[in-house]
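Have a look at the structure below, then the notes.
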Amino acid sequence: MPINNDTLNNTPNDTSLDRLRDFLNKLFQFETQDLDFGIYKILNYKRKDIKKFIDDLLVTTVKDQLITLTDKQVQEAHTEMEELAREAVVSGWVRADTGERQVLEKYGWDRIKLYREYADIVETAQAASDTENHIYNHLALFFSRYYDKGDFISKRVMPIRC
């Protein structure tokens, strides 16, 4: 199952990503192009590079690191998993406790191994999708700790203890 970047462009994580992009645009104050002194002079000079990072490179970098599986690949893995679960050895292994699993693995190791591989693909795809959403949220939270009403500051953040 080859994975390519063309199939990764549309994700359900657009809302978190849009919030992050909006916040970064606000943080770098792209709407105030008339300011031409100090840090604003540098930001205006590098505006094109910063916009390219926010709009393209940020998403590409996160997706490259996660290598999210497409829905079609996950569906195929799920279908194969269900077919394998219909076999007696695999279905017995799924329902068995640890001791019984070891015995069943001796008789149907190849089918059980294949079932486990498909199960890992399904679990990894779900985790990657959730993780991508969390990454965008954490990035926005991180930058919000150092920005308030147009100023870069260091806010004191108290950890939440459970």
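The length gained by stretching the chain between Arg95 and Lys72 to full extension, at 0.36 nm per residue less their Cα-Cα distance, is 5.5 nm.
Compute the relative contact order of segment 15-150 as a whole-number percentage, counting only Cα pairs closer than 8 Å that sit 6 or more residues apart in sequence.
Contact order relative to length: 37 percent.
Taking label positions 7 Å along the Cα-Cβ direction at both Phe37 and Lys106, the computed distance is 8.4 nm, reported to one decimal.
Taking the Cα centre of segment 15-150 as reference, the dipole from Cβ charges on Lys and Arg (+1) and Asp and Glu (-1) amounts to some 640 debye.
Under the simplified labelling scheme, the Lys51-Arg19 pair shows an inter-label distance of 2.6 nm, with each label point 7 Å from Cα along Cα→Cβ.
The aspartates and glutamates whose alpha-carbon is closer than 13 Å to the alpha-carbon of Lys26, local same-chain residues fewer than 8 away aside, are Asp18, Asp148, Asp151.
The numbers here are math on the coordinates, done by the rules we state, and not lab data. Bear in mind the structure is a predicted one, so any value in this text is a computation, not a measurement. With ideal geometry, Cβ positions are generated from the backbone for all residues, glycine too; neighbour counts draw on all protein chains shown.
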